[in-house]
Each structure stands twice: as C-alpha cells, then as structure tokens.
1. Could you check region 114-213 for strands (runs of 3 or more DSSP E) lying wholly inside it with 2 or more residues that are in contact with a Ser or Thr (Cβ under 7 Å, 6 or more places away or on another chain)?
2. Any idea which residue in region 247-273 is farthest from G160 (Cα to Cα), counting only those that are out of contact with any Asp or Glu (no Cβ under 9 Å at 6 or more places or on another chain), in a loop (DSSP other than H, G, I, E, B) and free of Cβ contacts under 8 Å to residues at least 40 places away in the same chain?
3. Is it true that some residue in region 223-239 is basic (K, R) and within 26 Å of S61 (Cβ to Cβ)?
4. Output the residues belonging to region 23-60 that are of a type in the set (A, V, I, L, M, F, W, C) and either closer than 16 Å to F171 by Cα or at pLDDT below 95 (or both).
5. Can you work out which of the residues in region 33-71 that are in a strand (DSSP E or B) and not β-branched (V, I, T) is farthest from K183 (Cα to Cα)?
6. Out of (1) touching a residue at least 12 places away in the same chain (Cβ under 8 Å); (2) of a type in the set (G, A, S); (3) not in a strand (DSSP E or B), the odd one out for G86 is which?
7. Please give the number of the condition Q169 fails out of (1) closer than 25 Å to E36 by Cβ; (2) crowded, with 16+ Cβ neighbours inside 10 Å.
8. Given the structure, is A198 more than 19 Å from V125 (Cβ to Cβ), in contact (Cβ under 8 Å) with a residue 40 or more places away in the chain and under 21 Å from the mean Cα position of the chain (by Cα)?
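The values are calculated or read from the model by the stated rules, or taken from the named source; none is laboratory data. For clarity, every value in this text was computed on a predicted model and none was experimentally measured. FYI the Cβ positions are ideal-geometry reconstructions off the backbone, even for glycines, and counts take in every protein chain you see.
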Amino acid sequence: MVASSMRSGAAPPRGDGVVLAVAHPGHELRLSTWIERERPLVLVLTTGSRNGTDRSRVAASERLARTLGAESGPVFGAHLDREVYGWAMDGRPEPFVTLAETLAEVFLRRRPRQVVVDSWQLYNVVHDLWHLTVRSAAAMASRRLGREIACCDYPVVPQGPGMPPPGPQQFAIELTAAEVARKLALARAFPGIAGDVAEVVRNGGMTFLANETLHAVRPIAELIPSAAAKPLYESFGEDRVAAGLYKDVLRWRHVAPIVERLSARLEAAAEPA
C-alpha cells in the first residue's frame, strides 16, 4: 500500500471490502472519521464488561457503527473481558486459534482488500493477542483466496515508554476542529469509557485524537519483548495486586505460548503454496 497523508475533506482511497477488528467496544472511536469514509465491517472481541449481563458497551458499538455508516460483523462482543484474560493467564492458545479460524472464515466470505486491527503496544494483553489473532486469520484467508489481504494497525493509546514503535505510516487523516468535536460528542455518548478517554487525552493530548493513522504491521519478531523488558501490562498488574484488586500478575511467560502458536500459524500460512 502506498503511504499517504490526507487532510479532512479530500477523497480517501476506496476499494472493495474493509474490515476493522477491535478488541474492546469503543476502540472504534479512535478511527471514527476514517470509519465514516471507509464504512468497514466492524468486528469486536469482548463485551467490554466483567458482568455477563451488561452488554451496554456492545449495544453502544452497534449503534456507533450504524451512526458512522458501518456494519456490525458476525464476531461482535461474544466474550467477557475476564474470559479472554483468563485464557491468557492460563497460557491457552486453543481459544485464540479457534478465533483465528472463525475470523478467517469471515474474511473468506467478505473477501476484504484490507483488515485494520488494534496495534501491539504491550499496554493491554488482550489488545496484543487480538492483534496477532487477526493477523493470523488474515494470513490464513489470504492463502486460501490466493491473494494478500493487507493488514494495517492503529495506535489504541498514545505512544509511551516501553511500547514498541509503530510500523511505517500508511495512511493519515488530520481532523478539523469540527470533526474532533464530533468525535468527543460520540465518546461522551458511549457508556463506560469516560475514564479511558480522559487518560488518552492526558497522555497524548488533543493532537492524538485529531490524527487518525494506519500503520504497516511490524514483523512479530520485532514485537516480542526482550528478556530484560517488562510489558506495561505486567506493571499495571503489579499495581492492581498491591491494591488488592487482582490475585495474580499476568506475565509475559503466560502469554508466550499463545504468541508462539499463533505466530507459527501466521508463518505457515505466509509460506508459498
């Protein structure tokens, strides 16, 4: 894909079939203007809630998709956050492999030219594992279609210390003041994310909200933390254990077997037929 930078109002590149796959409902707000232009199929992994009966954020994501002219997909808030976190804590690759196979079937039916997914930032383990799951699915579908489905990612949270840098920028929209105001209004109407939005603005400023960028995905080998590095989610977990909120800290050693299995699937699918 040719890199491009675009101010609001210019005609964006068009094509048949775009999919946006996000880990948590509400992430779509990061790309709200891009969504209005591209009208992707939107997929969401979790409910965004620890309560099995609370689907308010999933319902909000469905409304947001309609508002922005997008479409809700067949994978949409089927899992609790604690369920996916539990898979990671147990080091279980199988649920993620099953998800990748399910997504691959969706991609085969939709035949997208591009899939956009949460970036791997070592900030939230669910974001990272979803990133790799979606990439594996796109590789499997590409092999069966006989053509590449391009994968891009976008930063869910502002870049900070300890985060791997994003891949080369492929596309950018600089929002107008009116478009930023619209994004903030959509965020205020979305339940349960006020604290997340405040944290994003605190760490990245309004500039982060005003720029929607897509990046080439980086090779998995470049994303794996070194032995001396500590993913940010480990530090967050330590704080929560100290506060009595969690019993155990999720470590990279829990995640590594899942990453290894998904990476193997991705690499195998990418090999020449």
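1. Working: elements: 114-118, 150-154, 169-174.
By residue number, 150-154, 169-174.
2. Taking the candidates together, the pick is P272.
3. No, because not a single residue in region 223-239 is basic (K, R) and within 26 Å of S61 (Cβ to Cβ).
4. The first filter runs over region 23-60 and keeps only residues of a type in the set (A, V, I, L, M, F, W, C), leaving 23, 29, 31, 34-35, 41-45, 58-60.
Answer for region 23-60, where residues must be of a type in the set (A, V, I, L, M, F, W, C) and either closer than 16 Å to F171 by Cα or at pLDDT below 95 (or both): L31, W34, I35.
5. If we filter region 33-71 for residues that are in a strand (DSSP E or B), which is where we start, we get 41-46, 71.
Next, only the ones that are not β-branched (V, I, T) stay: 41, 43, 45, 71.
Values: L41: 19, L43: 20, L45: 22, E71: 18 Å.
Once the filter is applied, the top-ranked residue is L45.
6. Unmet for G86, out of (1) touching a residue at least 12 places away in the same chain (Cβ under 8 Å); (2) of a type in the set (G, A, S); (3) not in a strand (DSSP E or B): (1).
7. (2)
8. On the way: more than 19 Å from V125 (Cβ to Cβ): yes; in contact (Cβ under 8 Å) with a residue 40 or more places away in the chain: no; under 21 Å from the mean Cα position of the chain (by Cα): yes.
Criteria not met by A198.
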